[in-house]
Amino acid sequence: MGAIPSYAGATDELADLRRRVSDLENGSRLGNSAIVAGALIARDGNGVERARFGQLADGSFGMTGRIDGSTITGGSVVTQSLTVVDDDGVTALPVGQALFGIRVATQGASVAISAASPISFVAVGPEVTVTTPTGKILITGSARIQGNGAMTDGPVAALQVRTLAGAEVYAPGTGVGKIAAFAASTGQPVTVPLIGLVTGLQVGGVYKCRFLYGAAGTAAANAASASSAIIVAQPY
């Protein structure tokens, strides 16, 4: 048997060939690829087909798969829906509430705010119940309050947080939002924004957050009304 012929540069060419093969094996090859008259098939550890993307058995193109052993055939895509319900087990929750614990309540009807001295928060606005895994609740909201031109002091809107048993843990006085003197004297309706970050609550505790309204001064002219209120509360 004769010797294998050699020539100058054979070693370099062999090294270059090895490098090129290695690049092809390790590099991405899907950037300019396509499935033509075929399919991409995914199989489990036992070799059973679980999904197919491309040309299907009937000649059409689409995607099939298996869920719990049942075969999905044809070119349709099947989605699974998930409904998250409130504590009552019935009311479906929006995504924001389900994922982030956001609670929203509104009050469109007008609520009378009686004159009182000192300020008495006897008129109740919208209320939500919040579970806080962190011991903190962020509350925001607003209410449209209508005064009158004879007022000597403006009505107020405030936030309150209570336990389910009714014990107050965030008093109205710590979250008072007061109507400007101009609005009180002219009798023009004003939207009062409120925001409060309540801390130091029981981790995992459940609390009721609500708006309260009040008026300053015993004169009947200090009476007012509130409407179009919204409160938004969430764990922080």
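The values are calculated or read from the model by the stated rules, or taken from the named source; none is laboratory data. These numbers come from a predicted model, not from an experiment. All Cβ positions, even for glycine, are placed from backbone atoms using ideal geometry, and neighbour counts span all protein chains on display.
Where strands (runs of 3 or more DSSP E) fall entirely within region 8-74, those with at least 1 residues that are at pLDDT below 75 are at 61-67, 70-72. Applying the criterion of being within 22 Å of Glu127 (Cβ to Cβ) and buried (at least 19 other Cβ atoms within 10 Å of the Cβ) to the residues of region 173-189, the residue that is modelled with the highest pLDDT is Ile179. Selection within region 140-170: residues that are of a type in the set (A, V, I, L, M) and within 18 Å of Gln234 (Cα to Cα). The member of this set that is modelled with the lowest pLDDT is Ala158.
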